[in-house]
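Beneath this line is the structure, given in structure tokens, with notes to follow.
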Amino acid sequence: MLIDRTRTPAELLPKITRLFELSAAKIHAIEHTWRPEDGAPVFTVDGRYRARGWTEWTQGFQFGSALLQFDATGAEEFLDLGRTRTLERMAPHLTHAGVHDHGFNNVSTYGNLWRLARERRFEAAEWEVRFYELALKVSGAVQARRWTPIPGGGFIHSFNGAHSLFVDTIRSLRALALSHRLGHRLSDEQDRQVSLLDRLIQHASATAEWNVYYGDHRDAYDVRGRTAHESLFNAANGSYRGPSSQQGYSPFTTWARGLAWAVLGFAEQIEFLETLADTELDAAGGRVEVDRWMGNAGSATADYYMAIAASDGIPYWDSGAPGLEALGDWGSRPADPFNDHEPVDSSAAAIAAQGLLRLGHLIQNRGGDGGRYQQAGLHILDTLFDPSGPYLATDPKHEGLILHSIYHRPNNWDHVPHGSRIPRGESSQWGDYHAREAALYVLRLARDEPYLTFFGR
């Protein structure tokens, strides 16, 4: 990734304004055409959103996008839409014990509503705020119950089973964070009381130790900052067995979106932990120790993202994708979503951009130089939000907002248009949602408005 010049949040305002203008029509289009009985929209095919029928992990992004639209523009029709659909359709996600996605579904909906109500962005009676709080308490506890113990801690296992630790779940820790912040805890067998904060920290620690690499010769492919999508454990005794990948090219290459989840997830959790009293971290070894390993994981993954992205900040879908060789010196020039060898993943870029911005902000607030990360995040968004570029979906007939997103390349789930050898030109709910969220983050910075966090201030 090559940072070509210095940018400011204010400089992106025209592009962000245009993005939210387009976003309004996209949200309306999906609302008018989508049949609830089909489940949740996941990704587009020929510009129209389709379902996948697998855990419905994108439902929260669908309705959460309306809430972000309201937050950015003040248009109450989107508040009404997000509020109504959350009440009508999100309850099953609160008690879904079979997934690791509570932070995606429930913090994007109930969490955004709770935050907006606390910020007094809309009139919410006390019972309504308590309703959102109850939902968030339940969600965090249900997520934390999906637990695999390992020596010295444990982790929230993926829907693959008790043996599986996904790097994605680092961002779903928001569910545990909010539940803990609201004073909740998990009551387990024989009334054993479980701290949600302890489980949050233990899961983050396991992810930092086993899904993130640090260049310390752990294996023959140990490069600082790269991530494994999945870490495998012996569920009987908690011993680590090796890396794996579901959506990446291999266990020994880096799936770009998994890397992006780590960049954003660690940065957000550091921000959250800064709001807690030092004594709350004593059980985990103290603030200094937790900050050390979590900061190492955040900076390592951020540095690696910047190393494997193309010059404009957009990554190809996997760092080791075999077709990259045919693209020559691809890292020295902007990503090419129209090549015939390997697809880019704009959704990874949208996620990573926010993580880089948050990490840079953290470092700056602590007296360090976070400018490199902040400039990287702004550069990515400048690329994604450019109306004349290849990523912003300006065609009113296309229901997506950000083009050239990739879902599951190994399973061949992504649409390959006629005349192409690779997927291109389509959108995803997570890519669109995180583009809106990153845009809102920068919008608040540019307007000197309250700093955006999932946990409020």
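What's the percent breakdown of Cα-Cα distances in the range 305-451 across 10 Å bins, shortest bin first?
12, 40, 33, 12, 3, 0
Kindly identify the range 230-280 as rounded, prolate or oblate by the Cα gyration tensor criterion: order the square roots of the eigenvalues as a ≥ b ≥ c, call it rounded if a/c is under 1.5, otherwise compare a/b with b/c, prolate if a/b is larger, else oblate.
Verdict is oblate for the range 230-280.
Keeping every protein chain in place, order R174, R89, R145 by accessible area at 1.4 Å, biggest value first, i.e. largest first.
From most accessible down to least: R145, R89, R174.
Please list, ordered by chain and number, the residues whose modelled amide H lies under 5 Å from the amide H of E426; skip anything fewer than 5 residues away on the same chain.
Counting only residues 5 or more places away or on other chains, the set is H404, S405.
Compute, for H341, the solvent-accessible surface of its heavy atoms (probe 1.4 Å) with the complete set of protein chains present, and express it in square angstrom to the nearest 10.
For H341, the solvent-accessible surface is approximately 80 Å².
Distance between the C-alpha centers of the range 288-366 and the range 20-89? Whole Å please.
27
Over the range 373-435, what number does the Rg to Rh ratio reach, with both radii from the alpha-carbon atoms and Rh per Kirkwood?
Across the range 373-435, the Cα-based Rg/Rh ratio is 1.00.
Ratio of the chain's C-alpha Rg to 2.2 N^0.38 Å, to two decimals?
Taking the Cα Rg and dividing by 2.2 N^0.38 Å, one obtains 0.91.
How large is the accessible surface of I402 in square angstrom, using a 1.4 angstrom probe and rounding to the nearest 10?
In the full protein context, I402 sits at about 0 Å².
Averaged per residue, what accessible surface does the chain expose to a 1.4 Å probe, in Å²?
That works out to 37 Å² for each residue.
Taking the Cα atoms of the range 399-457, what is the range of coordinates along each of the three principal axes, in descending order and whole Å?
On the principal axes, the range 399-457 reaches 47, 20, 16 Å in Cα extent.
Take W293, W114 and sort them by solvent-accessible surface of the protein heavy atoms, 1.4 Å probe, largest at the top.
W293, W114
To the nearest 10 square angstrom, how much accessible area does Y132 have with a 1.4 angstrom probe?
Counting only protein heavy atoms, Y132 exposes about 10 Å² to solvent.
Within the range 1-96, which chymotrypsin sites (Phe, Trp or Tyr not before Pro) sit in a loop by DSSP and count at most 15 neighbouring Cβ atoms inside 10 Å?
For chymotrypsin sites (Phe, Trp or Tyr not before Pro) across the range 1-96 that sit outside H, G, I, E and B with at most 15 neighbouring Cβ atoms in 10 Å, the list reads W54.
Calculate for the chain the 222 nm mean residue ellipticity that helices alone would give, adding -39,500 (n - 2.57) per DSSP H run of length 4 or more and normalising by residue count, nearest 500 deg cm²/dmol.
-14500 deg cm²/dmol
What do the square roots of 5 times the Cα gyration tensor eigenvalues come to for the range 111-262, in whole Å, largest first, as semi-axes of the equivalent ellipsoid?
32, 19, 11
With Rg and the Kirkwood Rh both taken from Cα atoms, where does Rg over Rh land for the range 11-67?
Rg/Rh: 1.04.
Which percent of the accessible heavy-atom area of the chain goes to carbon and sulfur, probe 1.4 angstrom?
Its accessible area is 49 percent carbon and sulfur atoms.
The values are calculated or read from the model by the stated rules, or taken from the named source; none is laboratory data. Note that the coordinates shown come from a computational prediction; the quantities given were computed from them, not determined experimentally. Backbone-built Cβ (ideal geometry, glycine too); neighbour counts: all protein chains shown. Heavy atoms of the whole protein, side chains included, go into the accessibility calculation; ligands, DNA and RNA do not. Shrake-Rupley method; radii C 1.70, N 1.55, O 1.52, S 1.80 Å.
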